[in-house]
Amino acid sequence: MKHLKKRSVACLIAAIVMVVFGLFGMYRSASAHAKTVKNTFTDGNYCITFQLQSRCANAMSMYTLGVTALGSGDESAESMRTARADLYGAISAGAGPSELYELNLALQEAVELYYNHLDNASALAEDKRAALDEDYKNFQSAQRVIEADSYNSDVRDYQDRVLATFPLTVFRAILPINEPELFA
């Protein structure tokens, strides 16, 4: 007990308390910023997640319209259906932006192949062709909205303005900050 009454011990305890509260404050601040950035990926009508869901809906509509002309065993139709199901399942499971990015690329490729394959199929009725073209236009439009989204620049800004600042650069390794990832 005598040690606690010494000035040097009191200074050491005060320094330890200041460091602990400083670390806690850095953690709370960085985590709050990270959560704000992450929410831009999932919240709102123009967020990336909403646009990915829209692309899945358009792909499913295109599949339904075209499968009657191509037949249910068509390879391009099944490839697109599978790519769409994979992306939709990943969205529903809460997959991260980098995984969703890869699945979105796979869906884009499958839809392009399917749409081009349907262009060569003459068995599609004129009204179904118009609906298919509209779905394809909406599918591409959602991709343009995704490309114009500020999420990736928000993540880079977070990395530059929050994570790259002192003293967080020193203590970042010991703080359990759940950083936002790029949609890339």
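The values are calculated or read from the model by the stated rules, or taken from the named source; none is laboratory data. Fair warning: this is a prediction, and the values are worked out from it, not measured in the lab. In this analysis, Cβ positions are derived from the backbone assuming ideal geometry, glycine residues included, and neighbour counts consider all displayed protein chains.
Key figures
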item	result
Total residues in the stretch 24-59, condition within 19 Å of Glu181 (Cα to Cα) and either of a type in the set (Gly, Ala, Ser) or surrounded by fewer than 16 Cβ atoms within 10 Å (Cβ to Cβ) (or both)	13
Tally of residues being within 24 Å of the chain's Cα centre (by Cα) and closer than 12 Å to His117 by Cβ across the stretch 64-81	2
The listed residue being free of Cβ contacts under 8 Å to residues at least 40 places away in the same chain and closer than 21 Å to Tyr136 by Cα, out of Thr49, Thr68, Thr64, Thr42	Thr64
Residue that is under 30 Å from Ser153 (Cα atoms) and among the β-branched types (Val, Ile, Thr), where the choices are Thr64, Thr42	Thr42
Members of the stretch 150-184 found to be β-branched (Val, Ile, Thr) and at pLDDT below 90, listed by number	Val162, Thr165, Thr169, Val170, Ile174, Ile177
Residue ID - farthest from the chain's Cα centre (by Cα), chosen from residues in the stretch 138-153 that are under 10 Å from Gln51 (Cα atoms) and of a type in the set (A, V, I, L, M, F, W, C)	Phe139
Residues (in contact with a Phe, Trp or Tyr (Cβ under 8 Å, 6 or more places away or on another chain) and closer than 30 Å to Ala148 by Cα) located in the stretch 1-41	His33, Ala34, Val37, Thr40, Phe41
Residues satisfying the stated conditions in the stretch 60-90, i.e. within 27 Å of Lys128 (Cβ to Cβ), surrounded by fewer than 19 Cβ atoms within 10 Å (Cβ to Cβ) and of a type in the set (A, V, I, L, M, F, W, C)	Met60, Val67, Ala69, Ala85
Meets criteria (loosely packed, with under 12 Cβ neighbours inside 10 Å, modelled with pLDDT of 85 or more, out of contact with any strand residue (DSSP E or B) (no Cβ under 9 Å at 6 or more places or on another chain) and closer than 20 Å to Cys47 by Cα) for Glu147	yes
Single condition Arg55 does not satisfy, out of (1) without any contact (Cβ under 8 Å) to a residue 60 or more places away in the chain; (2) charged (D, E, K, R); (3) within 26 Å of Leu124 (Cβ to Cβ)	(1)
